[in-house]
Amino acid sequence: MNQSSAVGVPPESPFTPRHRTLLEALDRAAEQAADRRISLLYEGPADATSSMTYAELAQRVATLAAGLSARGVAPSEPVLLVFETGFDLLVAFFACQRLRAIPVPTHPPAGLRIDVGLERVAQLALRAQTRLCLTSDALAPIVRELSTRVAQQRAEPLRVATVSELSAAASLHADFTPAQPDDIAFVQFTSGSTGRPKGVMLSHANLTANAHTIGLALQITPDDVFVNWCPLYHDMGLIGNVLSSLCWQLPLALFSPMAFIREPGRWLRAIHTYRGTISTAPNFAYWLVVARVNGRRREGLDLSSWRVACNGAEPVNAQTVEAFIQTYQPYGFRPEAMFPVYGLAEASLAVAFPRLGAKPCFDRVQRSLLTRGLAQPARAEENAACFVGVGHAVPGHEIRVVREGSTELVSERVVGEIEVRGPSVMLGYYDDKEASAEALRGSWLRTGDLGYWADGQLFIVGRSKDVIIVRGQKVHPEDIERSLDVIQGVRTGNVVAFGVYDEEAAEDRVVVVAEQAPGDGETSDVAQRVRDTVMRDHGVSVHDVVFVARGVVPKTTSGKRQRALCRARYLAGELRRTDGAAPDDATP
């Protein structure tokens, strides 16, 4: 295999995005597509909606920016955004940028575990060094508790303000210095745990480049309509839907993640109602609408308008892809509309897309050779792993697969580490030079993901950095381990967390292996403390808690925990449990 094909698809011509900054994109949309609407679907009756034009969005952004300026918000100042899905979040996001401040969006505390959510947001506020938190009127009574929590850990309090109160106090005469392409447009934290989450710094140039390349790859036209339920504090929802629709001046229909989880069929109904053409979601969402939307709720459904169903943010499962196509083809969904993709926050979002209009490509490889880094085709009777092709590099970007720890390109069907370069690659991690230097190798971003080339397509095998992904949420094992190191009943420094991919459920299951401290209570009580701690700090369930004897948790000679080896022993049944328990059926 020659080097050019191993690298992927290099840019064929100079790559020039439609806009230099997101604010330029907003201003042009307000002028050129003033009547194009962003529609918001509420969780009540199906017809409960409101909408806002791009012109109205730009006006509300200018008003809030003036209010923020009057409040003393300065350029380059990080501002925490805590909102449910809605217009206020979009207004706050762009208003911060109008001032050249840095929005830091995060998920709101909600549901039955509000106290846990507040603590996670407070830790993020401390990590991002924010002095101001913007929120909505509905969330303000809850979010104001953040001030107390932050004040307990630093001298300077966190101010909490709402969009409505700042907009009402805005001056009519506020001048703003235009944002520049290299300015930080926002910071996305890849983990909301109480450990040390990494903040991905993305510039205006990064984001406009990614929105532009998405449009080119999907061959977007003025007739396209985006439909989105993904969280707007996450790259898939914010960049893949909101910013892409803005940069291409397209209509957008939004509703909340909780509305989708409660009633998955709302997603399909929204596509039907708004004649959506482009909609993205993690793999688990496609499985959910197969498993939980019954025949009665599918009656009258017409998905024939849906031309691109992006499937990414977590491993794309072949069974899920096939089941979704089989289930919804009778309702107008075309197999070639299923669009498995690959991306990551450190590259803004999109990295690899398949050829538009092609049916999904499956590759069955020998499991026995895969453990040695070879992805060789399997015979029909062999025990095989099946991977889904994600295509090649998006326009203006390059992908290469190299041997782990080196820059040596691997041959076709040899597994290596995926690296990407192009205008969408992040500036670095917020206030973390060491992590930035580790991730950025010259102009190449080390993704930490493993994959291989076959027949011109990239196939994703796994993650070299041990990141666990549960329903699109990334959790770092070291964060879980840090939380468990301090709980009663577990030997400090002798607990390992990892993910085990469940093909039937199409998502990772969290497994914890720990050495139990002697005399610290019943095993069942310690196991419950483990589960409660992980849920509280990281928002995910633990599938299995395995207690082992002292000295069993594998470590290097320097004392570092060996997660990969521990995981391999767990899967092989080689870990002798001291609790005598069997894996339970808890689901993430």
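Quick notes
- Residue check, Ala95 under 18 Å from Ala174 (Cα atoms) and in contact with a strand residue (DSSP E or B) (Cβ under 9 Å, 6 or more places away or on another chain): yes
- Just one of the listed residues (His234, His272) is free of Cβ contacts under 8 Å to residues at least 40 places away in the same chain, open to solvent by 20 Å² or more (accessible area, probe 1.4 Å) and not basic (Lys, Arg), and it is His272.
- For the stretch 117-145, the candidate set comprises residues that are open to solvent by 10 Å² or more (accessible area, probe 1.4 Å) and polar (S, T, N, Q); within that set, the residue that is nearest to Val187 (Cα to Cα) is Gln129.
- Among residues of the stretch 113-138 being among the hydrophobic types (A, V, I, L, M, F, W, C) and over 23 Å from the mean Cα position of the chain (by Cα), the one that is farthest from Ala74 (Cα to Cα) is Ala138.
- In the stretch 170-188, the residues that are surrounded by fewer than 21 Cβ atoms within 10 Å (Cβ to Cβ), at pLDDT below 95 and in contact with a helix residue (DSSP H, G or I) (Cβ under 6 Å, 6 or more places away or on another chain): Ala170, Ser171, Ala174, Phe176
- Selection count where residues are more than 28 Å from Val402 (Cβ to Cβ) and open to solvent by 50 Å² or more (accessible area, probe 1.4 Å), scope the stretch 453-472: 1
- Filter result (of a type in the set (D, E, K, R), part of a strand (DSSP E or B) and without any contact (Cβ under 8 Å) to a residue 60 or more places away in the chain) within the stretch 341-374: Arg364
- Within the stretch 439-452, restricting attention to residues that are under 20 Å from His392 (Cβ atoms) and more than 20 Å from the chain's Cα centre (by Cα), the residue that is surrounded by the most Cβ atoms within 10 Å (Cβ to Cβ) is Tyr452.
- Ser483 fulfils the conditions (1) touching a helix residue (DSSP H, G or I) at 6+ places or on another chain (Cβ under 7 Å); (2) of a type outside the set (Asp, Glu); (3) part of a helix (DSSP H, G or I); (4) modelled with pLDDT of 90 or more except for a single criterion, (4).
- On inspection, Gly240 qualifies as farther than 23 Å from Asp431 by Cα and touching a helix residue (DSSP H, G or I) at 6+ places or on another chain (Cβ under 8 Å).
- Residue identified as of a type outside the set (Asp, Glu), touching a helix residue (DSSP H, G or I) at 6+ places or on another chain (Cβ under 7 Å), open to solvent by 20 Å² or more (accessible area, probe 1.4 Å) and modelled with pLDDT of 95 or more among Val163, Val200, Val225: Val225
- Of residues in the stretch 494-526 being of a type in the set (Gly, Ala, Ser) and modelled with pLDDT of 80 or more, the one surrounded by the fewest Cβ atoms within 10 Å (Cβ to Cβ): Ser524
- Total residues in the stretch 424-438, condition farther than 18 Å from Val341 by Cβ and either buried (at least 21 other Cβ atoms within 10 Å of the Cβ) or touching a Phe, Trp or Tyr at 6+ places or on another chain (Cβ under 7 Å) (or both): 5
- Output for the stretch 412-445, where each listed residue is of a type in the set (Lys, Arg), touching a residue at least 24 places away in the same chain (Cβ under 8 Å) and not in a loop (DSSP other than H, G, I, E, B): Arg421, Arg441
- For the stretch 389-398, a residue qualifies if it is open to solvent by 10 Å² or more (accessible area, probe 1.4 Å) and within 17 Å of Leu344 (Cβ to Cβ), and the qualifying residues are His392, Gly396, Glu398.
- Listing of strands (runs of 3 or more DSSP E) fully contained in the stretch 11-127 that carry 1 or more residues being basic (Lys, Arg): 37-41
- Some residue of the stretch 113-134 being without any contact (Cβ under 8 Å) to a residue 60 or more places away in the chain and among the basic types (Lys, Arg): yes
- Residues located in the stretch 87-116, provided they are of a type outside the set (A, V, I, L, M, F, W, C), buried (at least 20 other Cβ atoms within 10 Å of the Cβ) and under 21 Å from Met258 (Cβ atoms): Asp88, Pro105, Thr106, His107, Pro108, Pro109
The values are calculated or read from the model by the stated rules, or taken from the named source; none is laboratory data. Values in this document were obtained by computation on a predicted structure and should not be read as measured data. A quick note on method: Cβ atoms are made from the backbone with ideal geometry, for glycine too, and the neighbour counts reach across all protein chains shown. Accessible surface is based on the protein model in full, side chains and every heavy atom, while ligands, DNA and RNA are left aside. Shrake-Rupley method; radii C 1.70, N 1.55, O 1.52, S 1.80 Å.
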